[in-house]
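To start, the structure itself, in structure tokens.
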Amino acid sequence: MEPLQNSDQPTEPTVNPRSVKLFGVGTAGMKVVEQIAALALPGISCAAVGAELPATSTIAQRICLGSGATTEEITREFKTACSGAGIVFIVAGLGGGTGTRIAPLLAQAARHAGALALAIVTLPFQCEGTRRRRHAQDALQALKENSDGVICLHNQRILRLIDDSTSLVATFKMLDALLAGSITGVWKLLACRGMIDISPADFFEMLRDHHGESALASAQAAGPERCREVLEKLFAHPMLEGGRALAECDGVLVSLVGGPDLAMSEVNRVMEAVSAQCHDAQVLMGAGIDESCQGRLSITLIATQRKQSLVEEAGIDEAAHAAAARPVGSLEKQLLDRGDSARPQSRFVPPPPSLPPEKLEQLMANQRPGSGRRKSLARMRQSQLPLEIISRGRFDKSEPTIHKGEDLDVPTYIRRGMALN
């Protein structure tokens, strides 16, 4: 696929910012969006994006990406699909194929169509390998550059909720359900007007500059003890890592939704409990009334932070990741560098060449006593070449070393007439 083009500036939102379009990109994203589509929430439309779309999918709008489609064609189709939406949710799992490649492109198209783009993505489990995690990091970086906000969730945190007997299928179903519930909470936060309102502008302003450092959690409870129970569920949520995500965050957004019987004391109790967990964070709170929530209370919480390294969180060695991302030099430089290295000495000794019978007999004759070898040596005696020495450097004015009539500065094999074979 061709690289993203950033030449066109995204337009300002020109439609109702509370009209939401939800895209499930790739297999992981579509499974989550299918659960939300089944709820038939008012004001939200769903679409599935993928190279292969299952026939059993309950999502009405389906965008199938052909193998021969160009980036311009895909972008044009995405812009058409985003037309009329004020906020575009992009749900995808990073590290694999379609979600990794397409999510950044969809975010860019949504912004160019005049919508606010919010990506809600997951990172792979550590057991999925370094290669997938690095691909996820690259896709996350592209999403940062092309979205108005990114909420990144780590699959590894779901392990807090399962035991050794939990199957792989059950684990991913639990993860999809948690993600679907959290996205529904964000939709309520943005799409439902409340007594204490959170505007989309405030929401996206908090997410900016916190890309990939977000924890999203949602919980609900009913009955007379709903306030206590909902707080217990919230703080036990795996995405909050036992409260560590709140202790390390520098921004918290809390949305409460209850029925007409929601008491001010309940709102105050929830906010006191959350504020006690995050001392130095900026807190943004909203509260809404939903007639269908009589006797119930639901909370959606987003904690953001800048400080923690996402590479470290994903279990990737930061130095190795930087080295892998460093561009490789030109082929010419590689060849030159290779020429400077010392060539290892071969341990292979070739066999002696075979000689014809007449050459072999001549060689044996030369080895016999009294043969002409000494005469040959006399003819082969070496001597100094008549070369004029221009300069001897710092020894130019030194006298030669003479011992018993021999110049010791002359190499021994020359003075003694030794032949070098």
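Where does each of 43-54, 62-73 land if you order them by average Cβ count within 10 Å, highest first?
Output ranking for 43-54, 62-73: 43-54, 62-73.
If you average the sequence gap of Cα pairs under 8 Å that are 6 or more apart and divide by the length of segment 245-292, what percent do you get for the contact order? Please report the intermediate quantities before stating the final value.
Numbers: 54 pairs, mean separation 29.4, N = 48.
Relative contact order, segment 245-292: 61 percent.
Using amide H atoms built in the peptide plane, which far-off residues or other-chain residues are under 5 Å from residue 62 H to H?
The answer is 48.
Measuring from the lowest to the highest alpha carbon on each principal axis, how far does segment 38-134 reach, largest first, in angstroms?
Extents along the principal axes: 40, 34, 28 Å.
Along the Cα→Cβ direction, 7 angstrom out, place labels at residue 174 and residue 80. What is the inter-label distance in nm?
If labels sit at residue 174 and residue 80, their model points lie 4.3 nm apart.
Once you have a ≥ b ≥ c as the square roots of the Cα gyration tensor eigenvalues for segment 33-84, tell me rounded if a/c is under 1.5, and otherwise prolate or oblate according to whether a/b is larger than b/c.
Oblate is the answer for segment 33-84, as a/c is 1.5 or above yet b/c matches or exceeds a/b.
In nanometres, what is the gap between the two model label sites at residue 294 and residue 282, each 7 Å from Cα along Cα-to-Cβ?
4.0
Under 13 Å from the Cβ of residue 292, count the other residues' Cβ atoms, weight Lys and Arg +1, Asp and Glu -1, and hand me the total.
With Lys, Arg at +1 and Asp, Glu at -1, the neighbours total -1.
Determine, for each peptide in 36-42, 110-116, the mean count of other beta carbons within 10 angstrom over its residues, then list the peptides with the highest first.
In descending order of packing, they fall as 110-116, 36-42.
Note down the nm distance, to one decimal, between modelled labels 7 Å out along Cα→Cβ at residue 418 and at residue 269.
Output for this residue pair reads 10.3 nm.
When a/c reaches 1.5 or more, the comparison of a/b and b/c decides; with that in mind, is segment 94-243 rounded, prolate or oblate per its Cα gyration tensor?
Because a/c hits 1.5 or more and a/b fails to exceed b/c, segment 94-243 counts as oblate.
Considering only DSSP states other than H, G, I, E and B, which chymotrypsin sites (Phe, Trp or Tyr not before Pro) in segment 138-247 qualify as loop sites with at most 12 other Cβ atoms within 10 Å?
The qualifying sites: there are none.
Taken together, the values in this text are just the output of simple stated rules run on the coordinates, not laboratory data. Note that the coordinates shown come from a computational prediction; the quantities given were computed from them, not determined experimentally. As a convention, Cβ positions derive from the backbone with ideal geometry for all residues, glycine included, and neighbour counts pool all protein chains shown.
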